[in-house]
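> I have a structure I would like to understand better, so I am pasting it below and will then ask my questions one at a time.
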Amino acid sequence: MQPKIKYLGVTNFETTWQAMKDFVSGNPDHDEIWITEHFPIYTTGLNKKNHVPPSNHIPHVFVDRGGKITYHGPGQLIIYILFNLSKKKISIRNLVSALENSIIQFLQEESIEAYSDRTAPGVYVNKKKIASVGLRLKNKYVYHGLSFNVNMDLTPFSFISPCGYENLEMTQLVDYKKGYNLEAVGEKIIKFLVKNIGNYEEANH
């Protein structure tokens, strides 16, 4: 069964986070993918070691996904995955790879060379990070997902060590090609994502 795709527009992070938790706690019999972008906010995942709070006016919240601190803001594509992994017969590692590969395939289609790094989840272009992945698995359901920098103000990243990596530079799609509509980019990436997840399901059966 194909997941239901929801386009949420620009949303408040904490409201959307609570909605994700409510969705999975209701033991849904179907999977959903939410596409959104957030008002400016820093979020820090469960790995709080060496956490240094940002020194500016942007709000910060601790969340229940994996990973360390990152920034979300308008112009960044957010894809949230709300899946029952036990039904899909795929692992968290499979899902991370499917997310990363979907971004890589989209960028390759746009003639932009990108790659992933098993030691530091996400997608990189020219040694700069363009997409981040953070997930939460609870009672067989997975939520949270992927952030992809499309056309945003990257300045807030300079106040933190993104994903816990000091001096990690961030980049975005418009640094390489102009004129992208966030929803259209999301639609293309979702097509790759659904196909990649299906390939892992077939391989694991």
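The values are calculated or read from the model by the stated rules, or taken from the named source; none is laboratory data. All values reported here derive from a predicted model rather than from experimental measurement. Note that each Cβ is placed from the backbone with ideal geometry, even for glycine, and that neighbours are counted across all protein chains shown.
> Looking only at region 161-188, filter to residues that are at pLDDT 90 or above and within 14 Å of Ser132 (Cα to Cα); which one of those is surrounded by the fewest Cβ atoms within 10 Å (Cβ to Cβ)?
Here the residue is Glu169.
> Something else: Just need a number here: residues in region 1-51 that are more than 17 Å from the chain's Cα centre (by Cα) and under 17 Å from Gly67 (Cβ atoms).
Selection size over region 1-51: 4.
> OK, next. Would you say Lys89 is closer than 22 Å to Tyr200 by Cβ, at pLDDT below 90, loosely packed, with under 15 Cβ neighbours inside 10 Å and of a type in the set (Lys, Arg)?
Spelling it out, Lys89 is indeed closer than 22 Å to Tyr200 by Cβ, at pLDDT below 90, loosely packed, with under 15 Cβ neighbours inside 10 Å and of a type in the set (Lys, Arg).
> Within the set of pairs 6 or more residues apart or between chains, which connect a residue that is in contact (Cβ under 8 Å) with a residue 12 or more places away in the chain and farther than 13 Å from Tyr80 by Cα inside region 4-20 to a residue that is of a type in the set (A, V, I, L, M) and assigned to a strand (DSSP E or B) with Cβ atoms less than 7 Å apart?
Final answer for the pair search is Glu14/Val61.
> So which residues in region 53-86 are among the β-branched types (Val, Ile, Thr) and surrounded by 13 or more Cβ atoms within 10 Å (Cβ to Cβ), if there are any at all?
Within region 53-86, Ile58, Val63, Ile69, Thr70, Ile78, Ile79, Ile81 meet the criteria.
> Another one. Considering each residue of region 66-78, count those that are under 12 Å from Lys48 (Cβ atoms) and not small (Gly, Ala, Ser), and give that number.
2
> Evaluate the following for Gly179: is it outside any strand (DSSP E or B), at positive phi and of a type in the set (Gly, Ala, Ser)? If you could, list the steps in order and put the result at the bottom.
Numbers: outside any strand (DSSP E or B): yes; at positive phi: yes; of a type in the set (Gly, Ala, Ser): yes.
So Gly179 passes the test.
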